[in-house]
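The values are calculated or read from the model by the stated rules, or taken from the named source; none is laboratory data. Remember, predicted model here, so these are calculated numbers, not experimental data. Cβ coordinates were reconstructed from backbone atoms using ideal geometry, including for glycine residues, and neighbour counts include every protein chain displayed. Note: areas computed on protein heavy atoms with side chains; ligands, DNA, RNA excluded. Shrake-Rupley method; radii C 1.70, N 1.55, O 1.52, S 1.80 Å.
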Amino acid sequence: MRKILLILLWWASAAAAFPTKPVKIIVAFPPGGGTDIVARLVGARLTELWGQAVVVENRAGASGTIGTEIAARADADGHTLFMATMGNMTANQHLYPKMAVDPLRAFAPVTKVVDVHFGFYAYPGLPANNVQELIALAKKRPGEIPYSSSGPGGAPHLAMELFKRQAGVDLAHIPYKGSGPGMNDLLGGRVMLTMDSLLQALPHIKAGKLRALAVLGPKRSALLPEVPTMAESGLPGYALTNWFGLLVPVSVSKDIVLKINGDVTKILREEDIRKKIADMGADVVGNSPEEFGAAMRAESAQWAEIIKSANIRAE
């Protein structure tokens, strides 16, 4: 009993002193994507709060599985965080059965940081001004219109595969190592379509460099009030919202997990942070580790069923 008490006291003191050195936030995609943008925003504020450098480390490749595996194998001292996505944590394991780690077992949840509004975007040169015009065009040109994604199994890929299935069209999938490179090629007209977060698309929409065909959530976005939902565009029942959340390797002590959760959720309650995130096209969450973990487990079961029934494959 005395030994257990000493261990608990040691954990508590370690959490109180945390962090004792610079902290990394691993992002499993290249710079410039929505996950990277949010990680850098949170990391900059944590640097101020903790008095230790908090840096983002981009470890892209294999649709986020490389960064996921690197983060899972980090030292279990809390000094390596993982800014994960829906795809990293709840979909990839159903698309990549040979993954070296099971994400839901390899990580301890800290908090969901944001829910991210997704949209359906087209290169302005594509002769389709709305979803129904795109469907008609795709049926005339089956398999010819290219779309980008952050990689097989990521939220953009899954979102588009569900659209293809519901709309009865065939589009050409061009996977990238992250949303940033794919967005660059969409802006340059090398691909014609994508489904991705408003975080990175909104400035280009406002500048006239992208056309927003629809938003993917259940209601219109206050940032693009004139853009219809997918349901309003003739696809009832279609709705998808991505998320980004912080996790740590599963062996990190509960006290340190709660310390990080408390500090991050405190930051997320700050009005300037909430406004910055809202202006980028996302909603602040900041829930408990238990709530975040339960939501991921439920979502993983849902994606397993959807991926199997839709026969979505990692190409």
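Tell me, what ³J(HN,Hα) does each residue in segment 149-157 have, in order and in whole Hz, if you take phi through Karplus 6.51 cos²θ - 1.76 cosθ + 1.60 with θ = phi - 60° and put x for Gly and Pro? Those phi angles translate into 9, 6, x, x, x, x, 4, x, 5 Hz.
When each of the peptides 125-137, 244-256, 33-45 is scored by the mean number of other C-beta atoms lying within 10 Å of its residues, the order from highest to lowest reads 33-45, 244-256, 125-137.
For A128, what is the net charge nearby, where nearby means another residue's Cβ is under 12 Å from its Cβ and Lys, Arg count +1, Asp, Glu -1?
+3
Per residue, the chain reaches -13500 deg cm²/dmol at 222 nm when only DSSP H runs of four or more residues are counted, each adding -39500 (n - 2.57). Peptide packing for 57-69, 144-156 was compared via the average number of neighbouring C-beta atoms within 10 Å per residue; ordered from the highest value, the list is 144-156, 57-69. At an R0 of 22 angstrom, the distance between the Cβ atoms of S288 and L104 translates into a FRET efficiency of 0.85.
Distant-in-sequence amide contacts of N242, defined by a placed amide H-H separation under 5 Å and a gap of 5 or more residues or a different chain, comprise V116, F118. Expressed per residue, the C-alpha convex hull volume of the chain stands at 125 Å³.
Derived value for segment 254-315: Kirkwood hydrodynamic radius 14.2 Å. Basis is the mean of 1/r over every pair of different alpha-carbon atoms.
Relative to one another, the C-alpha centroids of segment 56-83 and segment 186-210 are positioned 27 Å apart. Around the amide H of D196, modelled in the peptide plane, lie the amide H atoms of G119, Y121, all under 5 Å away and 5 or more residues distant in sequence or on another chain. Taking 0.36 nm per residue of separation and subtracting the Cα-Cα distance, full extension of the segment from A53 to A207 would add 52.0 nm. A straight chain from K275 to K139 at 0.36 nm per residue would run longer than the Cα-Cα distance by 44.8 nm. Taking only protein heavy atoms and a 1.4 Å probe, the accessible area of segment 54-170 is 48% carbon and sulfur. Using the beta-carbon distance between N184 and S251 and R0 = 45 Å, what value does 1/(1 + (r/R0)^6) give for FRET efficiency, to the nearest 0.05? Computed FRET efficiency for N184 and S251 comes out at 0.75. The charge dipole of the chain, taken about its Cα centre with unit charges on the Cβ of Lys, Arg, Asp and Glu (plus for the first two, minus for the last two), comes to roughly 240 debye.
Where the alpha-carbon atoms of segment 63-158 are placed on the principal axes, they occupy 54, 29, 17 Å, in descending order.
Computed from the Cβ-Cβ distance with R0 of 51 Å, the FRET efficiency linking A239 to T20 stands at 0.70.
Evaluating 6.51 cos²θ - 1.76 cosθ + 1.60 at θ = phi - 60° for every residue in segment 183-192, the Karplus couplings come out as 5, 4, 6, 5, 4, x, x, 7, 10, 10 Hz, glycine and proline recorded as x.
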